[in-house]
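The values are calculated or read from the model by the stated rules, or taken from the named source; none is laboratory data. None of these values were measured; they are calculated from a predicted model. Neighbour counts run over all protein chains shown; Cβ positions are idealised from the backbone, glycine included. Just so you know, the surface numbers come from the protein's heavy atoms only, side chains and all, with ligands and any DNA or RNA stripped out. Shrake-Rupley method; radii C 1.70, N 1.55, O 1.52, S 1.80 Å.
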Amino acid sequence: MKSSMLIGLVASITALLAVIVITMVVVMSPNTGGPKSYKDILMNGVKTDSIGEFLRNLTVSPHQAGSARDLDIAKWIKDQWTTHGLSDVKLIPYEVWLSRPDADNPNMFHILDDKGDVTYSSNPYQPPVEETPPAGQESILSFSAFSANETVQVSRVVYANYGSVDDFDHLEEVGVDVAGAIVVVRFGKIFRGDKVRFAEERGAAGVILYTDPQDAAPLGPEATYPNTVYAPPGSTQLGSLSLQGDLLTPGYPATESAYRIPEEQADSPGIPVQPVGYGDAQHIFSILKGKRAPEEWQGGLDIEYLLGGDLAGHEVILDVHNINSREQVYNVVGSLIGQEEPDRYVLVGNHYDAWTYGGIDPSSATATLLELTRVFGEMYRDGWRPRRTLVFCSWAAEEPGVIGSTEFAEQFSAILKDRAVAYLNVDMVMEGNYSFMASAVPMLYDVIIDTSKAVPNPDQDEVEAGRASLYDTWVHRFPRNDSEEEGPASEPLFYTFGSGSDFRAYVFNLGIPSLDLCFASAPDEPGLPLYHSAYETHELALLMDRELRFHQATARMWGLLALEFSSRPVLPFSLKQYSDFVKEEFKIFKKKYGAKLLFLGVSTANLDTAIKILSKNIDDFLEELDAADWNNDLVLRTYNDAMMLMERAFLSPFGLPARPLLNHVLLAPSTLNGYVWDVFPGLRDLLRNSNVTASKVNEHMAAVAHHFNMSAAALSFRFW
């Protein structure tokens, strides 16, 4: 061989090796936007077949918290995560107070005629709608967790619409007395526990909750779902009346050494409560007398809805016999250790327990989380390393009251408050398939919006209409309406959240920026049909998402966000969004309560000043951050920690007025509806009270201003 040919061959081989090395460097970089970046590897790695197999295994039979099947699932998830390559996967036990129905003495209501004979009894079960019902369906009893165990017999029944404060105020205005009556309330609009609390505060003897056909979305041509299946008359929503963690260890983890308060001191309802389907509820409505309910109270039953009152000869017995006991439940936790900052944690979580099969809530998301750990595990084995530690959490006993996640937050509160970067939650993949939707604190708005632009739209009709990404449909169908200007919206709407899922303790107790992702139903449609019912099966999940494309899109979105927070040198927080949010919400607050503050002689001047200082410090901080040396790990840690501390500074060690177990003075679950938050919650709680004193409002106003000043100082790197 000629020397020139040899030289050329060596040069060619050298060039080829260089290309291979460069390609490997590109692939191994977590931050590259190239075609073979880890973002693309993650996106391409999520498989619908794999999600489908996980979903099938999770939904074989009912698995209420504390049941044998529930423990089997926890162990199975642990085994899966170990196989996927997660480090130090553990089952973390808690002994918690749970509530379940008594199979030997099921909960029911009975209607009696004027002779005292029973003319109708409600069905404690949900009748099968298939020739061959799924395994275990015949054993599912309808109940509301933590209802009082009591039998009440009354001659007065009142219909209270959705059971909101405004609904009960209307009954009072038109002269319908709730005291001593059984109140019939339909599910929807607000948290079921708040409905019961408001009824109990008005003196009700008991509550019957029912699913109105108007609120049980039909799966038919007029809805956004593909097939014609309607919520049957027996469809009954199971659920808890508490969203506070373990009720016997408030504020502390339910570990073996925990002190437990007596059961009679637990913060649970003092009246009996029972959920029923609309088939049973119709029999109650058929004996109601009294005034016609307002037009907006009329539901989907083929009757005229009356407000009720005296039953004129009939009586109703409400009989509730739940069993409350301490049971062992287990969180499943595993991690992928960060390389540069192993002591900074990105929490990625979902719960695994379900009221029945959990076809949608939560198994759609649990299956998606399992797929994420599989994909991240493969990336880790291939050499990818996150900058920060990813902590994957499969929570126990969320349905009875966000228990597993709360106990974990309480057990490791000091560590999490100091080291957790963000909590990324998905409770269920979809309550509808109209559009992607996110709930989040303002600190996370920008990264969610940016990430949604990178995820392909699973809705092919929307793709054909020119909306190729999750973002495109989101901003088109849920535009943010904060401007009178015409034209396309510049930003999508974000939902708020309260106590409705596992983010509760992380936001409102620990100040950890959190989010929840879900595909939503249209604004004029009810939410998930068959929610928490015996019919929320594997088949329902496939009916709503036949090819599991929405599940795949959720996995991609969730995974990309986990990648962003675990890999970016500078944490992707939206400080400017936070500043704008606070200023706008304070305007709204003053507009609503300004007159009452003036009447009480309470000034907002100090809080006004503190909010302005925070806004200025955010602007100054962002300017400094832009000029900082991002190649210096100590500098990065300094700026990232400052942003984390800005949120933590809103935590009061004394909690909110009358709610000492909630610490965030800017955001907290609303006392009017625990599913959403209030902004400036303590002040709103006080000012809603007609008997509040100026000194009480002044005291909390000063506390809020103090926490805003601390938040501003967190960004300034100095005391003054």
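At 1.4 Å probe size, with the rest of the protein present, what percent of the exposed accessible area of the chain is carbon and sulfur atoms? Show your work: numbers first, answer last.
Values: 15400 of 29050 Å².
So the carbon and sulfur contribution to the accessible surface is 53 percent.
Label points 7 Å out from Cα along the Cβ direction at residue 340 and residue 265: separation in nm?
It works out to 5.0 nm between the two label points.
Starting from the Cα of residue 694, move 7 Å in the Cα-to-Cβ direction to define the label point; list residues of region 570-599 whose amide nitrogen is under 17 Å from there.
Inside the label zone: 594-599.
Classify region 141-191 as rounded, prolate or oblate, taking a ≥ b ≥ c as the square roots of the eigenvalues of its Cα gyration tensor: rounded when a/c is under 1.5, otherwise prolate if a/b is larger than b/c and oblate if not.
oblate
Charges at C-beta only: +1 for Lys and Arg, -1 for Asp and Glu. How large is the resulting dipole of the chain about its Cα centre, in Debye rounded to 20? Display every interim value, and only then the final one.
Numbers: 56 positive and 95 negative charges, 456 e Å.
I would put it at about 2200 debye.
Can you tell me the length gained on complete extension of the stretch residue 114 to residue 654, counting 0.36 nm per residue apart and subtracting the Cα distance? Intermediate results must be reported in sequence, preceding the final value.
Details: separation 540, 0.36 × 540 = 194.40 nm, distance 5.48 nm.
Residue separation times 0.36 nm, minus the Cα-Cα distance, leaves 188.9 nm.
From Cα pairs below 8 angstrom and at least 6 apart in sequence, can you work out the relative contact order of the chain, rounded to a whole percent? If you can, show how the numbers build up before the last one.
Working: 1527 pairs, mean separation 115.6, N = 720.
Relative CO of the chain lands at 16 percent.
To the nearest 10 degrees, how steeply does helix 694-714 sit against the main Cα axis of the chain, on a 0 to 90 scale?
Rounded to the nearest ten degrees, it is 20.
Return one number: the angle in degrees, 0 to 90 and rounded to the nearest 10, between the long axis of the Cα atoms of helix 68-84 and the longest principal axis of the Cα atoms of the chain.
10
Sum up the charges of everything whose Cβ sits under 14 Å from the Cβ of residue 315, counting Lys and Arg as +1 and Asp and Glu as -1, but leave residue 315 out.
Details: positive: 115, 156, 289; negative: 113, 114, 117, 310, 319.
Charge balance in the 14 Å sphere: -2.
Please report the spacing between the Cα centers of region 311-374 and region 563-608 in Å, no decimals.
32
Hey, what angle do you get for helix 3-28 against the long axis of the chain, alpha-carbon based, 0 to 90 degrees rounded to 10?
Rounded to the nearest ten degrees, it is 20.
Tell me which of 210, 293, 566 sits at the most positive position along the dipole axis of the chain, charges placed on C-beta atoms (Lys, Arg +1; Asp, Glu -1).
Looking along the dipole axis, the top candidate is 566.
Rolling a 1.4 angstrom probe over the protein heavy atoms, how many square angstrom per residue are accessible across the chain?
Values: 29050 Å² over 720 residues.
In whole numbers, the chain has 40 Å² accessible per residue.
Identify, among 717, 312, 533, the residue whose Cα sits farthest towards the positive end of the charge dipole of the chain, taking +1 on the Cβ of Lys and Arg and -1 on the Cβ of Asp and Glu, with the dipole about the Cα centre.
Highest projection toward the positive end goes to 717.
Looking at the square roots a ≥ b ≥ c of the eigenvalues of the Cα gyration tensor of region 536-603, which shape do they give, rounded for a/c under 1.5, prolate if a/b is larger than b/c, or oblate?
Numbers: a/c = 5.48, a/b = 1.84, b/c = 2.97.
Oblate, because a/c is 1.5 or more while a/b does not exceed b/c.
Please work out how much length the chain gains when fully extended from residue 44 to residue 450, using 0.36 nm per residue of separation minus the C-alpha to C-alpha distance, in nm with one decimal. Don't skip to the end; give the middle numbers.
Values: separation 406, 0.36 × 406 = 146.16 nm, distance 1.87 nm.
That pair, residue 44 and residue 450, stretches by 144.3 nm at full extension.
When Rg and Dmax of the Cα atoms in Å is calculated directly from the model, which label among [x] 32.2, 108; [y] 27.1, 116; [z] 30.0, 90 fits?
Step by step, Rg and Dmax of the Cα atoms in Å for this structure corresponds to label [y].
Placing +1 at every Lys and Arg Cβ and -1 at every Asp and Glu Cβ, with all other atoms neutral, what dipole size does region 371-411 have around its Cα centre, in debye to the nearest 20?
420
If I stretch the segment between residue 628 and residue 495 completely, what's the gain in nm (0.36 nm per residue apart, minus their alpha carbon distance), one decimal?
On the way: separation 133, 0.36 × 133 = 47.88 nm, distance 3.39 nm.
Residue separation times 0.36 nm, minus the Cα-Cα distance, leaves 44.5 nm.
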